[in-house]
């Protein structure tokens, strides 16, 4: 009874991302085969699998970057917060706003740290110009969320591109937050970082869970194990197994999963 | 074990030979520049003075200064820039930031390359037909400048595209993935980072425009005028044509006069080139990624 009342007062989707019968072709090459996934809202889900298994392709179709290539064909649905983002009435700008993306190589813009954080906010709030103090608050809260505030608070006018790689990657995550996305996609966010930077960014991702649904592609199985709650193993464009991370690594159901996590191929 | 073998010696000798050969070719490049400048300074330097720059020619152009020609060149170049820069930059932005790779853009590319290959005298005749006669501008600064503008458009487009292309694609990706439109991306990220390159290209174009003679001699530049231009529909004198005139068309010109005119012309070009280089160095120093 209580649960029902709560659900009615704030209708939160149980699954942030649901794909059904998702097939994707690059030209004539089929990269995804009938992918059916339910990704839990507010959790960190990692995508693992050998190179070329389609994990990045899957990630990239969740905010429709793939279609920029022109020769990509997609069948099936991807529902984000219960709305198919491939419906014709969906505005691409809103998709990009709601679904943030973090890349392998940190790509801060060559403008100040402060302007980097405010960039998304400014493009999505053109009509109601926010006051200077509002902007300061936005910058402070975004940088605090990514555990960067104490390090950069005295040099907000420095260029984002002058930070260390680890700080750049944190900045790239921070700049997504002011527009309040519901999903964050991360494509091997730590692979350009040293071990210390990796640990720091992993810690940050872990801090963000609950508030955002995070889907993270990684080559690094240790990272998937440390920094995700659910884990999906893909192979040759198909989902082989989707389980709670601990279960997938300790008691994999499929033989392919077991072989992969034991390092027999990859 | 590590001693030099006969083969090593021979390879080294060949390597040195080629190094010296290429070095000599490079030095060869400098020689004409040095000779030109030295001759101009030696033969024309004596006539250069404030008076020479700022007074009218007298005695049937055999004495006096070059002020009307100097001013005319500034007029023609300025108006040509006003026409070619907006057009060229806009076209370059379209080609680099919006256009996909299809038959339409390929035709445009081809047109630009061909436009760059058209000889200046052909541009001149086109200018006469199009601007002087068809549009009815008469022989005027406007017609001359538009002719020059069309001639220099490929340079503006190509150099602008180069500087747009130098902005890393990752910046655009970053913007698009935050939901920025193409225009927002161009306006806020691409242009601010390309502007130094674009300006450099523009200044280089200016220096090219300054020395052109053929395209303006039928369309707007006059042999001699007793008055200064008052607007874009007036004819004007120009330095490059003035040089041609005093060097070949007027009898009894003292030797140092044409050399002086040439020196002023080349000094203008070099000055603008150095400004462009200094400017580029300044802006490059500021940008880091």
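Nothing in this text is a laboratory measurement; each read-out follows from the coordinates by a stated rule. These numbers come from a predicted model, not from an experiment. Ideal geometry is used to build each Cβ from the backbone, glycine not excepted, and the neighbour counts take in all protein chains shown.
Normalising the average separation of contacting C-alpha pairs (under 8 angstrom, six or more residues apart) by the number of residues puts the relative contact order of chain A at 27 percent. Listed from fewest to most Cβ neighbours within 10 Å, the set A:53, A:190 follows the order A:53, A:190.
Chain A has equivalent-ellipsoid semi-axes of 30, 22, 19 Å, by the square roots of 5 times the alpha carbon gyration tensor eigenvalues, sorted largest first. Entry for the protein assembly as shown at q = 0.06, 0.10 Å⁻¹: log10 I(q)/I(0) = -0.50, -0.94, Debye formula applied to identical alpha-carbon scatterers, no solvent contribution.
Fewest neighbouring Cβ atoms within 10 Å first, the residues A:137, B:162 line up as A:137, B:162.
Could you work out the mean count of beta carbons from other protein chains within 10 Å of each residue's beta carbon in B:177-190?
Per residue, the average neighbour count from other chains is 5.
Subtracting the Cα-Cα distance of residue B:26 and residue B:109 from their residue separation scaled by 0.36 nm leaves 26.6 nm. I need the Debye-formula profile for the range B:67-116: one equal scatterer per C-alpha, no solvent, reported as log10 I(q)/I(0) at q = 0.20, 0.22 1/Å, two decimals. So the normalised log intensities are -0.75, -0.82. Of all DSSP beta bridges confined to the range A:168-262, the antiparallel ones make up roughly 50%.
Tell me the relative contact order for chain B as a rounded percent, counting alpha carbon contacts under 8 Å between residues six or more apart. Reported relative contact order: 27 percent.
Rank the residues B:196, B:159 as a footprinting-exposure proxy: fewest other Cβ atoms within 10 Å of their Cβ go first.
Going from least to most buried by this count: B:196, B:159.
With no solvent and one equal point scatterer per Cα, compute the Debye intensity ratio I(q)/I(0) for chain B at 0.13 Å⁻¹ and report its log10, rounded to two decimals. Taken in order of the listed q values, log10 I(q)/I(0) reads -1.00. Look at the stretch A:100-111: the mean tally of other chain Cβ atoms within 10 Å of its residues' Cβ atoms is 5.
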